[in-house]
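Novice: Got a structure for you, written out below as structure tokens; questions coming shortly.
The values are calculated or read from the model by the stated rules, or taken from the named source; none is laboratory data. Just so you know, these numbers come straight off a predicted model, no measurement behind them. Backbone-built Cβ (ideal geometry, glycine too); neighbour counts: all protein chains shown. Quick note on the areas: whole protein, heavy atoms, side chains included, nothing else; ligands and nucleic acids left out. Shrake-Rupley method; radii C 1.70, N 1.55, O 1.52, S 1.80 Å.
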Amino acid sequence: EFIDSYYFNQVEDIRFNSTVGKYVGYTELGLKNAEAWNKGSELAQELGELERVCKHNAAIYYGAVL
């Protein structure tokens, strides 16, 4: 599971969660930004990072944990 969180003044505004597959907002501004980011290129960038980093290295990290 890949989670990318964005905070402002120690409050989580937005989170990308690979299980959900999109950005989720937690504040009023976060909701507006999440809606815009889910429609724009930001979502494609996060999904690209998921493919490039997480799925490629998941077996390595899983083996290290065991």
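Novice: Nearest 20 debye, what's the magnitude of the dipole of the stretch 3-65 about its Cα centre given +1 on Lys and Arg Cβ and -1 on Asp and Glu Cβ?
Specialist: Taking the Cα centre of the stretch 3-65 as origin, the dipole is about 180 debye.
Novice: What net charge is computed for the residues neighbouring residue 25, neighbours being all others with C-beta under 10 Å from the C-beta of residue 25, Lys and Arg scored +1, Asp and Glu -1?
Specialist: That sum, taken over residues with Cβ under 10 Å, equals -2.
Novice: Ignoring ligands, DNA and RNA, what percent of the 1.4 Å accessible area of the chain is carbon and sulfur?
Specialist: Carbon and sulfur: 56 percent of the exposed surface of the chain.
Novice: In nanometres, what is the gap between the two model label sites at residue 20 and residue 7, each 7 Å from Cα along Cα-to-Cβ?
Specialist: 1.8 nm
Novice: A follow-up question, please. Out of the chain, which chymotrypsin sites (Phe, Trp or Tyr not before Pro) are coil in DSSP terms and have no more than 16 other C-beta atoms within 10 Å?
Specialist: Those satisfying the criteria are 2, 26.
Novice: If you don't mind, another one. Over the chain, what is the relative contact order in whole percent, taking alpha-carbon pairs under 8 Å and six or more residues apart?
Specialist: Relative contact order comes out at 21 percent.
Novice: Tell me, what is the per residue accessible area of the chain in Å², probe radius 1.4 Å?
Specialist: Here the residues of the chain average 75 Å² of exposed surface.
Novice: Using a cut-off of 13 Å between beta-carbons, work out the net charge of the residues near residue 34 (Lys and Arg +1, Asp and Glu -1, residue 34 not included).
Specialist: Net charge around residue 34: -3.
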